[in-house]
Amino acid sequence: MNLRFTPMTEADARDILAWRYEGQYATYNSPDPALGADFDALAELLDTRSPHFAVREQEQADAPPIGFFAYGSACEVGGAGTEGLDTPYLLRPDGSLTIGLGLRPDLTGQHRGLALVEDGLAFARERYQPSLFRLYVFSWNERALRVYKRAGFSSVGVTRITPPEGERVFIEMTRPV
């Protein structure tokens, strides 16, 4: 894919927050109850300290986003390695960059994930010069795990969080720049 990354606008954010995934993937629908009643998903998508980018196919600049990419603290799970960082941030103290991404629900399962990941990493490499890439993925999300492994990520740990809705288990993965 030939993708274009643009800073998240309020219209982009509202489009993305309206996405609805089916089945077990519905956990990615917004709002996520695990983040608490006071969490403002729109504000997070627009916070440039941990930036989010709308992703479109190059030739469809005026179309709704086909995906998004996020960088920094908005993508963290469990707080490991981020002690003392109380405000949103881009890079961890060690220079690593945590990423998060999503593909519009109607486009999943069409072999677009790897291109999205690779383009998002290339964008971040050029823009932020991280020392390492990191991400967290639900342990049950085999589809995403396959994509991340094909993109060169390796599992380095497990993070468990326990919101009122029940335990969530994430695989932490890293990849050299």
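State yes or no: is ILE66 under 27 Å from THR87 (Cβ atoms), touching a residue at least 12 places away in the same chain (Cβ under 8 Å), surrounded by 11 or more Cβ atoms within 10 Å (Cβ to Cβ) and of a type in the set (Val, Ile, Thr)? Taking the combined requirement at face value, the residue does not satisfy it. Is there a residue being part of a helix (DSSP H, G or I), touching a strand residue (DSSP E or B) at 6+ places or on another chain (Cβ under 6 Å) and at pLDDT 95 or above anywhere in region 62-80? Within region 62-80, one or more residues are part of a helix (DSSP H, G or I), touching a strand residue (DSSP E or B) at 6+ places or on another chain (Cβ under 6 Å) and at pLDDT 95 or above.
Quick check on region 123-134. Is at least one of its residues within 22 Å of GLN24 (Cβ to Cβ), surrounded by fewer than 17 Cβ atoms within 10 Å (Cβ to Cβ) and among the aliphatic types (A, V, I, L, M)? Among the residues of region 123-134, not one is within 22 Å of GLN24 (Cβ to Cβ), surrounded by fewer than 17 Cβ atoms within 10 Å (Cβ to Cβ) and among the aliphatic types (A, V, I, L, M), which makes the answer no. Against the numbered list (1) modelled with pLDDT under 95; (2) in contact with a helix residue (DSSP H, G or I) (Cβ under 9 Å, 6 or more places away or on another chain); (3) among the charged types (D, E, K, R); (4) part of a loop (DSSP other than H, G, I, E, B), ARG20 comes up short only at (1). Number of residues in region 1-17 that are part of a loop (DSSP other than H, G, I, E, B) and either crowded, with 20+ Cβ neighbours inside 10 Å or modelled with pLDDT of 95 or more (or both): the value is 2. Here LEU107 fits the description: modelled with pLDDT of 95 or more, over 26 Å from THR159 (Cα atoms), surrounded by fewer than 17 Cβ atoms within 10 Å (Cβ to Cβ) and not aromatic (Phe, Trp, Tyr).
For beta carbons closer than 7 Å, sequence separation of 6+ or different chains, a first residue in region 93-104 that is on the phi > 0 side of the Ramachandran plot and a second that is surrounded by fewer than 19 Cβ atoms within 10 Å (Cβ to Cβ), the qualifying pairs are GLY95/SER131. No other residue among LEU97, LEU91, LEU85, LEU42 is more than 23 Å from ALA122 (Cβ to Cβ), in contact with a helix residue (DSSP H, G or I) (Cβ under 9 Å, 6 or more places away or on another chain) and at pLDDT 90 or above apart from LEU42. Hey, among the residues in region 69-92 that are more than 18 Å from LEU17 (Cβ to Cβ) and touching a residue at least 60 places away in the same chain (Cβ under 8 Å), which one's surrounded by the fewest Cβ atoms within 10 Å (Cβ to Cβ)? Result: ALA80. Among the residues of region 9-29, those that are touching a residue at least 24 places away in the same chain (Cβ under 8 Å) and either small (Gly, Ala, Ser) or within 20 Å of GLN60 (Cβ to Cβ) (or both) comprise THR9, GLU10, ASP12, ALA13, ARG14, ASP15, ILE16, TRP19.
The values are calculated or read from the model by the stated rules, or taken from the named source; none is laboratory data. Owing to the predicted nature of the structure, the values given are computational and were not obtained by experimental measurement. In this analysis, Cβ positions are derived from the backbone assuming ideal geometry, glycine residues included, and neighbour counts consider all displayed protein chains.
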